[in-house]
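A.B. asks: To start, I am sharing the structure in question, which I have written as structure tokens.
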């Protein structure tokens, strides 16, 4: 709380920036990926930078639903990506599920949402009104009616439009049939709209004390990668593939490496372009004298592989897909510094409410943790907050695909893949010694794997996950435990 011009106590504001498919290594100040992010580099100097923030289900809709609700997929209705095919299965954010935005609306906040939503199930009429039918035969874009916007009074959004160069948006009370169509790079246009929102929000905040919360949800650097302004390509397009794809787990023998090499200049250029737009937002907060009164959070819904482990995109249990950026800033309130506090996607909703001083209004049934106390304390001073562990959720994408679950701590990751034949494969990675996950150590760390498997089962039970691999994992755990208790069993069995 801060005093206003009239002496009244003002509640703090929130600007939450989400950039789609921005992996954690794409922050220049970290020195991981060879990317330029001057605005975020400067923001990081006065932010708490969480180096262990995790997307538990690294694909768009499920992660976004967790960010908004504080609940895991089987508690919020979004256990698959939302499109016309999964809509037939009932996938979509339930209107009765309360989000952190619903709470803030009740608390008197002025709420704005700009950009990608991707939580509304498409209906047949959306095909003609929005993006249309994609090559996969599905409709991904969707109109969200005003009564399904979870408290956001200012609405300038699309469901899932991947035309970055010619985006469209549904605004205010305009009907489904009347989206605004724009001939401008989406991230730049959305920033223009955000600056206009902040003009009015600043006036209302300083004069009347009305706090605001703005979500700015950029679609880039998500593909298509070729839709990025040329001015951001400078410095990337002349560099070789091996100069851009520097992670040692890039598999150059796989065809995905060639695809990644073609995409990398544009992907990094989009990162730099979005960083530029974020800089404009931060400058506006300064100009409107809002920086000291506003929590700024920057994160992503997931990362992408970009050739690592011979893969291109996301929704896999590797760090390039799971680990996301997470910066929190409010000068004078959030002590800056790097912090290895492990944050999961559902932690965001209760943490936002805690930061804004309304922790007592956290929605009943929230499964994430309120980490605001740890963020408001100096780095490393977490009080009663435990290090924790993060689930990985990878339901089978289609017939014949494995149904995967995992558990990630700050130092290790257990991954259990349940096959359609009832088989299970368990892997263990030592993230401290092997951050690029090149060596499976499960055969040498049975006791550790058993403990993590038990913790994984407990988390699945807590979050109501109906994973069918439970019994297979229990059987594997029993065998591994027996081997741990009698290490000679395996060799004696082989001798017989």
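A.B. asks: In nm, what is the difference between 0.36 nm times the number of residues separating residue 359 and residue 485 and their Cα-Cα distance?
C.D. replies: Details: separation 126, 0.36 × 126 = 45.36 nm, distance 4.55 nm.
Between residue 359 and residue 485, full extension yields an extra 40.8 nm.
A.B. asks: Note the per residue figure in Å³ for the convex hull of the C-alpha positions in segment 90-143. Please list the in-between numbers first.
C.D. replies: Values: hull volume 5.7 nm³, N = 54.
Convex hull volume per residue, Cα atoms: 106 Å³.
A.B. asks: Here's a follow-up. Normalise the Cα radius of gyration of segment 68-158 by 2.2 N^0.38 Å (N = residues in it) and let me know the number.
C.D. replies: Working: Rg = 13.5 Å, N = 91, 2.2 N^0.38 = 12.2 Å.
For segment 68-158, the normalised Cα radius of gyration comes out at 1.11.
A.B. asks: Let me ask you something else. Among 345, 55, 329, 471, which comes first, second and so on when ranked by fewest other beta-carbon atoms within 10 Å? Don't skip to the answer; put the middle values down first.
C.D. replies: On the way: 345 32, 55 28, 329 23, 471 11.
Listing 345, 55, 329, 471 from fewest to most nearby Cβ atoms yields 471, 329, 55, 345.
A.B. asks: Sticking with this structure for a sec: For residue 241 paired with residue 199, estimate the spin-label separation in nm (one decimal), with each label point 7 Å from Cα along the Cα-to-Cβ line.
C.D. replies: Computed distance between label sites residue 241 and residue 199 equals 4.7 nm.
A.B. asks: Starting from the 7 Å offset along Cα-to-Cβ, what nm value, one decimal, do you get for the label separation of residue 443 and residue 251?
C.D. replies: 1.9
A.B. asks: Also, quick follow-up: For segment 1-147, compute Rh as the Kirkwood radius over C-alpha pairs and then the Stokes-Einstein diffusion coefficient at 4 °C and 1.567 mPa s; write the answer in µm²/s, rounded to an integer. Could you put the intermediate results ahead of the total?
C.D. replies: On the way: Rh = 18.1 Å.
This corresponds to a translational diffusion coefficient of 72 µm²/s.
A.B. asks: Quick one: helix 255-287 against the long Cα principal axis of the chain, what's the angle to the nearest 10°, folded into 0 to 90?
C.D. replies: The helix 255-287 is inclined about 40 degrees to the chain.
A.B. asks: Among 280, 323, what is the fewest-to-most ranking by other Cβ atoms within 10 Å? Mind dumping the intermediate values first?
C.D. replies: On the way: 280 14, 323 24.
Starting with the residue having the fewest Cβ neighbours, the order is 280, 323.
A.B. asks: Let me ask something additional. Stokes-Einstein diffusion coefficient for segment 255-335 at 37 °C in a medium of 0.692 mPa s, Rh from the Kirkwood formula over Cα pairs: what value in µm²/s? Intermediate values should be presented prior to the final figure.
C.D. replies: Numbers: Rh = 14.8 Å.
Once the numbers are plugged in, D ends up at 222 µm²/s.
A.B. asks: What nm value, rounded to one decimal, do you get for the distance between residue 433 and residue 234 when each label is placed 7 Å out toward the C-beta?
C.D. replies: Using points 7 Å along Cα→Cβ, the separation is 4.8 nm.
A.B. asks: Let me ask something else. Can you tell me the orientation of helix 186-208 relative to the chain, as the angle in degrees between its alpha-carbon axis and the longest Cα principal axis, to the nearest 10?
C.D. replies: 60
A.B. asks: Using the reciprocal of the averaged 1/r over all distinct C-alpha pairs, how large is the Kirkwood radius of segment 402-451 in Å? Walk me through the numbers before you get to the answer.
C.D. replies: Working: mean 1/r = 0.0891 Å⁻¹.
Mean inverse Cα-Cα distance, inverted, gives 11.2 Å.
A.B. asks: On to the next question. So if R0 is 56 Å, what FRET efficiency would residue 471 and residue 280 give, r being the distance between their Cβ atoms, rounded to the nearest 0.05?
C.D. replies: Working: r = 53 Å, r/R0 = 0.95.
Using R0 = 56 Å, I get an efficiency of 0.55.
A.B. asks: Still on this model: At what distance in angstrom do the alpha carbon centres of segment 305-370 and segment 192-239 lie from each other?
C.D. replies: After rounding, the separation between the Cα centres reads 20 Å.
A.B. asks: In whole Å, what are the Cα extents of segment 329-387 along the three principal axes, biggest one first?
C.D. replies: 31, 23, 19
A.B. asks: Now, a different point. Based solely on its DSSP helices, what 222 nm [θ] is calculated for the chain when runs of n ≥ 4 H residues each add -39,500 (n - 2.57) and the sum is averaged over all residues, nearest 500 deg cm²/dmol? Intermediate values should be presented prior to the final figure.
C.D. replies: Values: 16 runs with 159 residues, N = 496.
Per the formula, -9500 deg cm²/dmol.
A.B. asks: Could you sort the peptides 11-18, 192-199 by per-residue average Cβ neighbour count (10 Å cutoff), highest mean leading? Don't skip to the end; give the middle numbers.
C.D. replies: Values: 11-18: 22.8, 192-199: 18.2.
Order by mean packing, descending: 11-18, 192-199.
A.B. asks: According to the Cα gyration tensor, what semi-axes, each the square root of 5 times an eigenvalue, does the equivalent ellipsoid of segment 159-306 have, listed from largest to smallest in whole Å?
C.D. replies: On the way: eigenvalues 230, 73, 34 Å².
Equivalent ellipsoid semi-axes, largest first: 34, 19, 13 Å.
A.B. asks: Give, as ranges by residue number, the residues of segment 235-261 whose backbone N falls under 14 Å from the point 7 Å along Cα→Cβ of residue 397.
C.D. replies: 256
A.B. asks: Counting residues in segment 390-495 as N, plug N into 2.2 N^0.38 Å and put the Cα Rg over that result. Don't skip to the answer; put the middle values down first.
C.D. replies: Details: Rg = 14.1 Å, N = 106, 2.2 N^0.38 = 12.9 Å.
Here the answer is 1.09, to two decimals.
A.B. asks: Across segment 339-430, what fraction of all alpha-carbon pairs, as a whole percent, falls in each successive 10 Å bin from zero upward?
C.D. replies: Histogramming segment 339-430 at 10 Å steps yields 15, 35, 27, 17, 6 percent.
A.B. asks: Still on this structure: For segment 109-175, count the residues as N, evaluate 2.2 N^0.38 Å, and divide the Cα radius of gyration by that value, please.
C.D. replies: Values: Rg = 11.8 Å, N = 67, 2.2 N^0.38 = 10.9 Å.
Here the answer is 1.08, to two decimals.
A.B. asks: Separate question: Can you run the Rg to Rh ratio on the chain? Use alpha carbon positions and the Kirkwood inverse-distance Rh. Intermediate values should be presented prior to the final figure.
C.D. replies: On the way: Rg = 22.7 Å, Rh = 23.4 Å.
In the chain, Rg relative to Rh is 0.97.
A.B. asks: How tilted is helix 446-463 with respect to the longest principal axis of the chain? Cα atoms for both, answer in degrees (0 to 90, nearest 10).
C.D. replies: Roughly 40 degrees between the two axes.
Where a number appears in this text, it was derived from the coordinates with a stated rule and is not lab data. Since this is a predicted model, take the numbers as computed values, not measurements. Backbone-built Cβ (ideal geometry, glycine too); neighbour counts: all protein chains shown.
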